[in-house]
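Written below as structure tokens is the structure these notes are about.
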Amino acid sequence: MDYSTSDLCDHFADAVDVLEPMFINFGGQSAFSGRIKTLKCFENNELINQVLQQDGTGQVLLVDGGGSTRRALIDIELAELAIENNWQGIVVYGAVRHVEELEECDLGVQAIASIPVAADSHGSGEQGIPVNFAGVSFYDDDYLYADATGIIISAEELLLEVDDEQGE
């Protein structure tokens, strides 16, 4: 990535919302960005599986799992599916599992915890709806930027001008 969330906050202070610092990087890519696709599901990942089967080029899956840490919504199989379909990353207000394997994946994955218990594979959820957690409201097609420092969102794409002297 050619940005840092710190620099984006400095340059676009009035255009970004900053998530509360509760997320842990579990993926092999600590920096990722893209347009948000929102999901809401609780302790089941059937809808997550369906969405990750779609082309995710330029997109980040944002999952409101209700903050539950009792079951992992993302596992290595779903991460591999995301990579196969070109997703940039996954942010989960919930838990993940297969932590060692996720660290080896070429995918950004941030969540609030890990637990070895799998999510139910059958259940309902909602897609494309506004969700709210970590002090921020998220809407489909907002832009998300994540790195080791934090996660920010913006309604518009954020582009930093690269100074020729610094860009060399």
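So, of the residues in region 82-131 that are assigned to a helix (DSSP H, G or I) and of a type outside the set (V, I, T), which turns out to be surrounded by the most Cβ atoms within 10 Å (Cβ to Cβ)?
Going residue by residue through region 82-131, those that are assigned to a helix (DSSP H, G or I) are 82-84, 99-104.
Now drop any that are not of a type outside the set (V, I, T), which leaves 82, 84, 100-104.
Values: A82: 28, E84: 11, E100: 8, E101: 15, L102: 24, E103: 12, E104: 12.
Across region 82-131, the extreme among qualifying residues is A82.
Scan region 78-108 for residues that are free of Cβ contacts under 8 Å to residues at least 60 places away in the same chain and either of a type in the set (A, V, I, L, M, F, W, C) or under 13 Å from Q53 (Cβ atoms) (or both) and the total you get is 12. Filtering region 109-118 to residues that are within 15 Å of R71 (Cα to Cα) and either of a type in the set (K, R) or touching a residue at least 60 places away in the same chain (Cβ under 8 Å) (or both) leaves A111, I112, A113, S114. Of all residues in region 41-77, those being among the aliphatic types (A, V, I, L, M), in contact (Cβ under 8 Å) with a residue 40 or more places away in the chain and closer than 21 Å to P130 by Cβ number 6. Answer yes if at least one residue in region 57-77 is touching a Leu at 6+ places or on another chain (Cβ under 9 Å), surrounded by fewer than 17 Cβ atoms within 10 Å (Cβ to Cβ) and either polar (S, T, N, Q) or at pLDDT 95 or above (or both), and no otherwise. Scanning region 57-77, I find at least one residue that is touching a Leu at 6+ places or on another chain (Cβ under 9 Å), surrounded by fewer than 17 Cβ atoms within 10 Å (Cβ to Cβ) and either polar (S, T, N, Q) or at pLDDT 95 or above (or both), so the answer is yes. Within region 11-56, if we keep just the residues that are in contact with a Gly (Cβ under 6 Å, 6 or more places away or on another chain) and of a type in the set (D, E), the residue that is nearest to E161 (Cα to Cα) turns out to be E20.
If the condition is being assigned to a helix (DSSP H, G or I), in contact (Cβ under 8 Å) with a residue 60 or more places away in the chain and not hydrophobic (A, V, I, L, M, F, W, C), then region 1-22 contributes T5, S6, D7, H11. For G27, indicate whether it is part of a loop (DSSP other than H, G, I, E, B) and over 13 Å from the mean Cα position of the chain (by Cα). So G27 does not fit the description; no.
Please work out if E46 is within 21 Å of G125 (Cα to Cα), acidic (D, E) and out of contact with any Pro (no Cβ under 6 Å at 6 or more places or on another chain). Yes.
So that you can scan it fast, the table gives a plain yes or no per residue for (1) out of contact with any helix residue (DSSP H, G or I) (no Cβ under 6 Å at 6 or more places or on another chain); (2) among the charged types (D, E, K, R); (3) within 19 Å of F138 (Cβ to Cβ); (4) crowded, with 21+ Cβ neighbours inside 10 Å:
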{"residue": "S4", "(1), (2), (3), (4)": "yes, no, no, no"}
{"residue": "N25", "(1), (2), (3), (4)": "yes, no, yes, no"}
{"residue": "F42", "(1), (2), (3), (4)": "yes, no, yes, no"}
{"residue": "N45", "(1), (2), (3), (4)": "yes, no, yes, yes"}
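The values are calculated or read from the model by the stated rules, or taken from the named source; none is laboratory data. A quick note: this is a predicted structure, and the numbers were derived from the prediction, not measured. Please note: Cβ atoms are built from the backbone with ideal geometry, for glycine as well, and neighbour counts cover all protein chains shown.
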